[in-house]
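The values are calculated or read from the model by the stated rules, or taken from the named source; none is laboratory data. Note that this is a predicted model, so its numbers are computed, not measured. Here the Cβ positions follow ideal geometry from the backbone for every residue, glycine too, while neighbour counts run over all protein chains shown. Note: areas computed on protein heavy atoms with side chains; ligands, DNA, RNA excluded. Shrake-Rupley method; radii C 1.70, N 1.55, O 1.52, S 1.80 Å.
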Amino acid sequence: MHRAHPKLGAVCGPVENEVRTVDDGEPTWPSQVHRDVVEELLRLRRRRDEVDPKAILDASAFHILWLLSDGRARTLRELSHDLALEQSTVNRQVNAAIKRGYVERFPVDGQVSRMHRPTAAGMEALEHDGRRRADRLNRVFADLAPGDPAILLAQLRAFNDAFERQGVDAD
């Protein structure tokens, strides 16, 4: 059974899970909204790597090319940092993208680390898949009624900014 959020009118999680406690009797979540936000973030995470069957790129190649599409070549270390992944994982993903002809690695004079940039084929594949993702977003936004994509964007940015300001061990 779900209930409507008193201020938003939106449906929030199951009522039967409203009060969960740990061994000391304290509630696990300060409110049902806290728990429901975590649940929605987990739902969003499950969609993170969802790939359109008509997509050219796998999820990792899309993420790498998305970063490199700003025109700034990057080292593996920089890509690892920007993707928040281990460098060995990024190395494997970049090598796969190179093998498929989407990314190229090149030396820079006076620098030990080699740089990576998208190829023309990589940018073409990114454009194709980007259009497909934009088309899906347009369908989602049309189905969002009465929601407003601009408000969603503003709230997501505000949430992410606040989350980053708090850090993992802020308490």
Using the beta-carbon distance between residue 153 and residue 111 and R0 = 41 Å, what value does 1/(1 + (r/R0)^6) give for FRET efficiency, to the nearest 0.05?
0.65
Full extension between residue 78 and residue 58 adds, at 0.36 nm per residue less the Cα distance, a length in nm of 5.1 nm
For a quick check: with amide H placed at 1.01 Å from N, whose amide H comes under 5 Å from residue 74's, ignoring anything fewer than 5 positions away on the same chain?
116
Order these peptides, 107-116, 121-130, by their mean beta-carbon neighbour count within 10 angstrom, highest first.
121-130, 107-116
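Would you work out the relative contact order for the stretch 53-168, in percent, from Cα pairs under 8 angstrom that are 6 or more residues apart?
Relative contact order for the stretch 53-168 comes out at 26 percent.
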Applied in sequence order to the stretch 90-106, the curve 6.51 cos²θ - 1.76 cosθ + 1.60 (Karplus, θ = phi - 60°) yields integer Hz couplings, x standing for Gly and Pro, of 5, 4, 4, 5, 5, 4, 5, 5, 5, 4, 7, x, 8, 9, 10, 10, 9
Per residue, how much accessible area does the stretch 64-171 have with a 1.4 Å probe, in Å²?
73 Å²
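Quick one: Kirkwood hydrodynamic radius for the stretch 53-168, alpha-carbon pairs, angstrom, one decimal?
16.1 Å
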Counting sequence-distant residues (5 or more places) and residues on other chains, those with an amide H built under 5 Å from that of residue 104 are 117, 119
For residue 153, solvent-accessible area (1.4 Å; no DNA, RNA or ligand), Å²:
80 Å²
What is the sum of charges around residue 108, taking Lys and Arg as +1, Asp and Glu as -1, for the other residues whose C-beta is under 15 Å from the C-beta of residue 108?
+3
Please report, as a whole percent, how much of the solvent-accessible surface of the stretch 53-168 comes from carbon and sulfur atoms (probe radius 1.4 Å).
54 percent
